[in-house]
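Report on one structure; see the data block that follows.
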Amino acid sequence: MKSYRTMCKKTWAVILAIACHLPATWATNANEIEIIPKPVHVEQTSGNFRLSPKSTIGYDAALQGQAEYLQQVLGQSTGWDLKLKKDARKATILLTLNPEKVDKPEGYRLDVTPKGISLTGRDAGGIFYGIQTLLQLFPPQVYSDKRQHGVEWIAPAVTIYDAPNRPWRGMMLDVARYFYDKEFVKKYIDMMAMYKLNKLQFHLIDDSGWRLEIKKYPRLTEVGAWAGPDHNRLGGFYTQEDIKELIAYGQVRNVEIIPEIEFPAHILSAVVAYPWLSCTGLQHEVPTQHFISRDLLCVGKESSLQFLRDVLDETVRLFPSSYINIGGDEAVYTRWEECPDCQKVMKREGLKKASELQGYLTNVVAEMMKEKNRTVVGWEEIFLRGDVKTPVVGLIWHNVRDTLLATQRGHKAILTPATHMYFDFPESRTPGEVKAATWMPPISLEKCYSMEINDYSPESTVLGVQGCFWSDQFIHGTVLQEIDYLNENRSENYAEYFTFPRLLALSEVAWCRQSDRNYSDFRCRLSHHFNRLDFKNCHYRVPEPIIEQMNPTATGAIEFTLSPAVADADIRYTTDGSYPTVHSPLYTTPVTVNDKSDFRAITVVNPRHYSLPIYFAPDYSGYKQYGEYTAEWKPLNVQPYLTPWRFECTGKISGNGTYTVSFIYTKGETPFRLGTLKLYKRDELLAEVPQSVLINANSPIATYRFTVDSFEAGTPFFIEVEACGEKGNDTSGLVFINKVTQ
Ligand code: ACM
Ligand code: ZN
């Protein structure tokens with residue numbers, strides 16, 4: 001792979017240098033300074049440091065874990081057994097703690113000179129981050145877990161001072177919808193650590209799985225961790241020993257693991273194991289498909305509160321984190337409204353609405369946790385429902401302005417807006433894009449990077465930023481589509497594909513001050529990180545080539561100037577609107593086309609690994625009144641007699657309410673016939689609208705109307721309509737869906 005890429009390294013170095021406003025000589029230097037997240041202060045000096053088999057690592061006694069980590073990383077890629085020197089004053093690489101020299105938590109100062117390396121930190125976290133920066137100065141092969149031959153292990157001489165702007169730089173991993181084994185979780189922690197993220201929200205519990213061993217309630221994992229029939233059951237869980245191992249792994253890497261014990265909703269897996277936990281006491285099964293249960297933990301029964309106490313007790317004993325996450329999202333309160341026990345509590349506490357019971361429960365648990373010196377974190381609902389007096393930390397996932405409410409009510413906030421930080425959304429609408437969550441628009445790398453942190457609350461209220469990776473898209477390993485490249489260990493590979501490279505954008509959003517962020521500068525540095533991810537064996541979505549310029553020419557054509565989004569990768573292109581392949585013409589100089597939609601170009605990392613094409617979505621603004629573009633028909637898919645035509649409309653059905661579906665005839669000689677239309681929520685028929693209508697150039701629009709009253713986020717919706725060409729197939733048209741009432 002490497003040799004394929006290095007073929008055109010020189011050409012791209014020059015193009016990148018121009019694009020990144022750097023001197024070409026700088027861009028051709030073997031080890032450049034392309035650190036992510038961008039350090040606060042970097043001063044390049046002259047010469048290089050060269051690692052040798054004789055190099056030693058000296059360390060303060062308190063930094064043994066960090067020294068061993070560095071020894072191990074350098075050892076596996078270089079093949080050298082570098083000596084460690086405890087309490088040393090002299091060593092080739094010296095790690096020391098010095099709070100006077102470095103004043104910010106997790107901060108460090110790194111001096112690389114031709115003679116040696118000095119790394120000073122205020123704390124072990126700062127030292128770990130100095131090591132990460134140092135690794136980014138070495139050639140990318142340093143990330144390999146196999147010995148690399150023929151590499152010059154040099155790093156440019158430099159002085160770096162660096163510290164994070166905020167204390168919370170998080171990622172959430174949903175291990176409940178899909179069980180990732182311990183080794184994958186370690187890899188995820190490792191990848192977070194490489195980019196200086198320090199909090200892992202471990203989403204251990206959801207309707208579809210309970211993943212944490214609780215000794216007092218063994219059925220939680222004997223029963224609640226498994227879905228499907230016995231002979232073919234899916235799932236798994238972490239033993240308490242596994243958890244201890246993960247915590248220790250995280251500690252060396254400055255990643256704090258925060259357990260998320262979800263309640264009162266998203267807890268069906270526990271209810272399956274112990275039906276008496278819910279208001280109704282009914283027996284259920286662990287779902288095998290995406291499902292948000294309406295069953296809630298009963299607040300009115302002493303037995304379910306005791307369960308909560310016991311589970312949280314064991315959790316607190318296991319996890320040293322000063323935070324305990326209690327979930328709290330998406331409760332629908334009908335069960336509490338109907339439950340006599342819950343109603344009694346409402347009366348006793350003088351509450352008017354069942355939703356206020358959630359605030360009551362949050363107070364009870366937050367007090368319980370305070371006694372154990374732990375702070376409660378949870379989704380924003382934990383402080384938005386009812387009157388919560390004990391200070392908590394809310395994860396703001398809907399509206400970042402709610403940080404203001406957090407401040408006013410004495411709480412703190414972490415920003416994790418679904419619009420920018422949910423990595424289960426695709427990056428684009430380009431045909432061929434990975435199928436993923438649809439209830440929000442795609443989140444491109446640039447959109448993720450552009451997230452603004454807080455202009456609403458004082459800095460002290462917003463602890464930081466977090467990305468979320470939900471696994472509903474491949475619940476229990478179901479894959480919604482095939483991507484050859486990801487076919488082995490597919491769920492794990494998809495998880496990485498969704499997470500990277502957006503995690504690198506998150507890293508910079510979380511680490512840097514907003515005023516220090518610059519997307520084009522980030523993109524230039526990023527282009528050199530894909531190779532590092534390759535050596536880490538980490539999958540990622542290959543970005544499309546970057547359009548540097550798109551200039552009209554004197555003849556009315558358009559000239560495209562591109563640069564590679566992945567350093568040293570090829571760009572291949574077409575000028576007739578067709579999909580480029582790895583054999584299409586190689587881009588070397590600007591390309592001129594008559595119409596921009598005729599131009600397509602892909603990034604080719606290697607012959608098996610390439611991007612989607614640059615794509616200009618058709619302009620449907622003239623159809624705005626009909627709602628969102630959903631589907632289209634063309635002569636190729638038009639049938640000769642009335643046949644059910646099924647297309648997906650997930651995301652266009654965005655909540656309960658009344659919708660119109662408009663079929664609009666756009667061209668052709670043949671009229672298009674439509675019959676009965678059906679709306680499905682997965683396989684469940686929700687609406688049926690009989691109609692028989694013919695549309696053509698003179699009468700081009702057919703409209704259907706239906707109402708949805710059992711919407712579920714994350715569940716796929718489909719339309720099936722009878723359709724055919726009337727004596728022929730020369731007909732094309734568009735389908736739009738509009739939500740007309742709430
Ligand atoms: C969430 O996305 N339900 C927090
Ligand atoms: Zn109840």
Expressed in angstrom and rounded, the centroid-to-centroid distance over alpha carbons for the stretch 229-267 and the stretch 491-550 is 27 Å
In the stretch 654-688, the GluC sites (Glu not before Pro) that fall in loop regions by DSSP, at most 12 other Cβ within 10 Å:
669
Cα-Cα longer than 25 Å, checked against 216/412; 182/215; 104/199, kept in input order, equals 216/412
For residue 177, distant residues with modelled amide H under 5 Å away
471
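With an 8 Å Cα cut-off and a minimum separation of 6 or more residues, compute the relative contact order for the stretch 635-716 in percent.
Details: 117 pairs, mean separation 30.7, N = 82.
Answer for the stretch 635-716 is 37 percent.
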Work out Dmax and Rg for the chain from the C-alpha atoms and quote the Rg first, both in angstrom.
28.0, 89
With a cut-off of 8 Å between alpha carbons and a minimum separation of six or more residues, what is the relative contact order of the chain in percent?
10 percent
Under 17 Å from the Cα of residue 344, which aspartates and glutamates turn up, not counting those fewer than eight places away in the same chain?
302, 356
Can you pick out the pairs among 115/196; 186/536; 196/435; 681/739; 301/347; 624/652 whose Cα atoms lie more than 19 Å from each other?
115/196; 196/435
Measure off 7 Å from each Cα along the Cα-to-Cβ vector at residue 100 and residue 707, then give the distance between these two points in nanometres to one decimal.
7.6 nm
Rounded to whole angstrom, the alpha-carbon centroid of the stretch 655-681 lies from that of the stretch 430-453 at a distance of 27 Å
Kindly provide the helix-only [θ] at 222 nm of the chain, computed as the sum of -39,500 (n - 2.57) over DSSP H runs of four or more divided by all residues, to the nearest 500 deg cm²/dmol?
-7000 deg cm²/dmol
Using θ = phi - 60° and the Karplus curve 6.51 cos²θ - 1.76 cosθ + 1.60, what whole-Hz ³J(HN,Hα) does each residue of the stretch 683-697 get, with Gly and Pro shown as x?
9, 8, 6, 9, 8, 9, 10, x, 6, 9, 8, 10, 10, 7, 4
Which loop-located trypsin sites (Lys or Arg not before Pro) does the stretch 71-149 contain, where loop means any DSSP state but H, G, I, E or B and the Cβ has at most 13 other Cβ atoms within 10 Å?
89, 90, 115, 146, 147
With label points built 7 Å along Cα→Cβ from the Cα atoms of residue 639 and residue 408, find their separation and express it in nm.
5.5 nm
Distance from the Cα centre of the stretch 568-604 to that of the stretch 54-74, in angstrom?
48 Å
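A short reminder: the numbers here are calculations on the coordinates, not readings from a lab. Model, not experiment: these values are computed from the prediction. With ideal geometry, Cβ positions are generated from the backbone for all residues, glycine too; neighbour counts draw on all protein chains shown.
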